[in-house]
1. Does segment 318-335 contain any residue that is in a loop (DSSP other than H, G, I, E, B), touching a residue at least 24 places away in the same chain (Cβ under 8 Å), in contact with a strand residue (DSSP E or B) (Cβ under 6 Å, 6 or more places away or on another chain) and not acidic (Asp, Glu)?
2. Take the residues of segment 219-242 that are in a helix (DSSP H, G or I) and in contact (Cβ under 8 Å) with a residue 24 or more places away in the chain: which is surrounded by the fewest Cβ atoms within 10 Å (Cβ to Cβ)?
3. Scan segment 496-520 for residues that are surrounded by fewer than 18 Cβ atoms within 10 Å (Cβ to Cβ) and over 29 Å from the mean Cα position of the chain (by Cα) and report the count.
4. Which residues, taken from segment 432-476, are in contact with a Lys or Arg (Cβ under 6 Å, 6 or more places away or on another chain) and touching a residue at least 60 places away in the same chain (Cβ under 8 Å)?
5. Do we have Leu254 as under 21 Å from the mean Cα position of the chain (by Cα) and part of a helix (DSSP H, G or I) here?
6. Being of a type outside the set (Asp, Glu), touching a residue at least 12 places away in the same chain (Cβ under 8 Å) and surrounded by fewer than 20 Cβ atoms within 10 Å (Cβ to Cβ), is that true of even one residue in segment 395-405?
7. crowded, with 19+ Cβ neighbours inside 10 Å and of a type outside the set (Phe, Trp, Tyr): does that describe Ala565?
8. Give the number of residues within segment 521-541 that are over 17 Å from Tyr568 (Cα atoms) and crowded, with 17+ Cβ neighbours inside 10 Å.
Amino acid sequence: MKRFLSELRRREVVKSLVAYVGISWLILQVVGVVAGMIEMNPMVGPGTLLVLACGLPIVLYISWHFDVSLEGIERTPDLDEEENPTIQPLGWLRWIGLIFIVFVSTFIGWQYFNSIKLDQIASEEGLTTIQLADSIAVLPFSDQSEEQDQSYLALGLAEEITSLLGRSDGFKVSASRSSQILAKQGLSPTDIGRRLNVKTVLTGSVRVTGNRLRVRVELLDTENGHTLWTESFLRELKDIFQIENEISRAVVNLLQDKYYEAGSFAKLSSTSTDAYVMYLKGREQYRLQTTESMKQARTFFEQALALDPEFAKAYVGLADTLALLAEGGERFGVIKTEIAAKLAQGNIDKALVRNSELAEAYAVKGYIASMQNDLDTALQDYNKAILLNPSLAIAYMWKFLALDSLGRFDESLIALEKSLALDPLFQTAIYNMGVTLTKLGRFSEAEATFMQLQKDFPQSQFSYQGLSDIYFSQGNLFGAIQQTQKALALSPENQDLAFKLVGLLLTLGSTDVVKELGQDPQWAEIVAYFEDNILIFEQEYAVFFDKMDFKLAANPDDYWLSFEAAWYQAMFGDKEKAVKLFIDKLLLVEQADMFAMPYCSSAIEVAWAHIQRSETQQAQELIGTCKKLMEEQLKAAIIYSEIYYLEARIHALEARPEEAVASLELALEKGWREWWTKYDPLLSSLAENPDYQRLLTTIEEDLAEQRQQVKALFQK
């Protein structure tokens, strides 16, 4: 250490250091004075300081090896060269050392300069604190306009910002739908954020005066309610797209350990303000989800495209609307399915030509493919949509439906759970979760799901429909009827519910109640639809089969009518005729359509018909396929009572009576209560089995008791 300090004095390094610090201080003072007199880039001061600081190790290295004075620069001799009149030039190793120090100092200085630059820009934008958070909900903006006529703009702006934020990687963005529902319930922003399980919420207001637009936003921490950031934007209405971009960029920069520059979020909107206004009005009507509002949404989207034919998102909105206006149980039934799919596909193609990175376009494209039963293509499109926007809840929802239809139950449940995590108050997703839990036999969880649905949406019939399905699956037909009545009270025009109620009553064998309902003009047409079923219950077989023969003659190419006639002939009529009807019309139906689960019908009944004809090989092939499908569902934990009933039928056809009775008993434990069990021709080989007879008695006694409860219910 003594030698080192001695060398510092001999080489006059300290003197050089003091001189450099003094000159640096003087330079900084000059820069400070000049910056106060004229407008300079705010990075000049920090940049100068960094250059001087990074130059310090270079100066120290040079002063160690050279004497710098007014006379020039001379090489400082080493100790062993001090008495040598000829000083050798600096060696190549020391020149490499100098180059290395220059490189390292420059690299470190550049890194610090960039960091200071980003902090400076963030500070100018009001982002003075980095608050790491991985989730957010954008609440509906309030309309502060004098006329209170800008709700479409306020909601639309929040919805578009949600879409932009969803495109950021590693960032969970709760769906707009749930935020809107909770906001209508009057919850505070922080309470909404906690309910949606997000760490932050963005609130805002919109005020339009003439062509001027004022938007104020505030970002809150849901844990403590503290404001993390607030900003106001006063622009012309035509700059609304820029405002959306700036807000989204600022939020991500604040909540994530990164910085997005201006323009990082691709502009997805229109170049026409008028077109964008029409688009937002279309979205407002779309959110109402009624037949009339969907028709109006279609008109607005078409007007938006007339104003701006290059507006990609308007094509998506129009395609989505057209698809939902198609026929089908979950749609609005205005347009023929094939026509709606064709029109929707054309608009989606136009959207993707204009913007191939639009997540919503791929989601709707997948839905169109699912309408056409092309589920593999639909899944590819849903996955593409999710890749582009990991927070697109509807893509997960539609993916669940496709996977469920393909029998990929484990994967479908994961997709459904993801959809609900992003959109916890999505009615359809909640209902489907309850149905799925029912299918898995997790009845208490399913019931809790439907009860929460009932609490969140007290005017919706879906919770009662779900509870009805649970009770039916458990064999509680009386409870199912009660819940269906409650659903029907909330939706009295719903014909599907009316048909379901009558069907449940007939499953229970309450023909007297059904016939009494038929005296009411509102129910007469529905009860008339079940006239054939009533004839069966009242054992009017001759009349029934005469009617069936007439229908068969009038519809010779209707396979499923032939199947229905065969089924009733097998139970109550001519078994030889049943066998003929089961087999002779097989060419009229696709083979894949014969294996509908959980009954594996009509394949299992056709297998029985082949056995009656001693056509063993054909029967075994059908039974083998049904067994494979049954095992797949059992492996996936699907525990409908129908699955175990199918197992009992398979065992009976394979002449394994003990296994058949055991499976039937398990089916009863899971809720099997079908009145026609004792007439099932597939179980006829068990007729003399005392355990089988005991199970039949259990079914009959339980149904009789429930019939009395239903009779008392309808007499009130």
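1. yes
2. Filtering segment 219-242 for residues in a helix (DSSP H, G or I) gives 237-242.
Among the residues that remain, those that are also in contact (Cβ under 8 Å) with a residue 24 or more places away in the chain are: 237-241.
Working: Leu237: 17, Lys238: 14, Asp239: 16, Ile240: 25, Phe241: 16.
Restricting to residues being in a helix (DSSP H, G or I) and in contact (Cβ under 8 Å) with a residue 24 or more places away in the chain, the top hit is Lys238.
3. Residues of segment 496-520 that are surrounded by fewer than 18 Cβ atoms within 10 Å (Cβ to Cβ), as a first pass: 496, 499, 503, 512, 515-516, 519-520.
Those left that are additionally over 29 Å from the mean Cα position of the chain (by Cα): 499, 503, 512, 515-516, 519-520.
Residues flagged as surrounded by fewer than 18 Cβ atoms within 10 Å (Cβ to Cβ) and over 29 Å from the mean Cα position of the chain (by Cα) within segment 496-520 amount to 7.
4. Initial filter on segment 432-476 (in contact with a Lys or Arg (Cβ under 6 Å, 6 or more places away or on another chain)): 464, 475.
The one that is in contact with a Lys or Arg (Cβ under 6 Å, 6 or more places away or on another chain) and touching a residue at least 60 places away in the same chain (Cβ under 8 Å): Gly475.
5. On the way: under 21 Å from the mean Cα position of the chain (by Cα): no; part of a helix (DSSP H, G or I): yes.
So Leu254 fails the test.
6. Going residue by residue through segment 395-405, those that are of a type outside the set (Asp, Glu) are 395-403, 405.
Keeping just the survivors that are touching a residue at least 12 places away in the same chain (Cβ under 8 Å) gives 395-403, 405.
Next cut, surrounded by fewer than 20 Cβ atoms within 10 Å (Cβ to Cβ) only: 405.
Yes, segment 395-405 has at least one match.
7. Values: crowded, with 19+ Cβ neighbours inside 10 Å: yes; of a type outside the set (Phe, Trp, Tyr): yes.
When the stated conditions are applied, Ala565 passes them.
8. Residues flagged as over 17 Å from Tyr568 (Cα atoms) and crowded, with 17+ Cβ neighbours inside 10 Å within segment 521-541 amount to 2.
The values are calculated or read from the model by the stated rules, or taken from the named source; none is laboratory data. Being a predicted model, the structure only gives us computed values, none of them experimental. We place every Cβ from the backbone using ideal geometry, glycine too, and count neighbours over all the protein chains shown.
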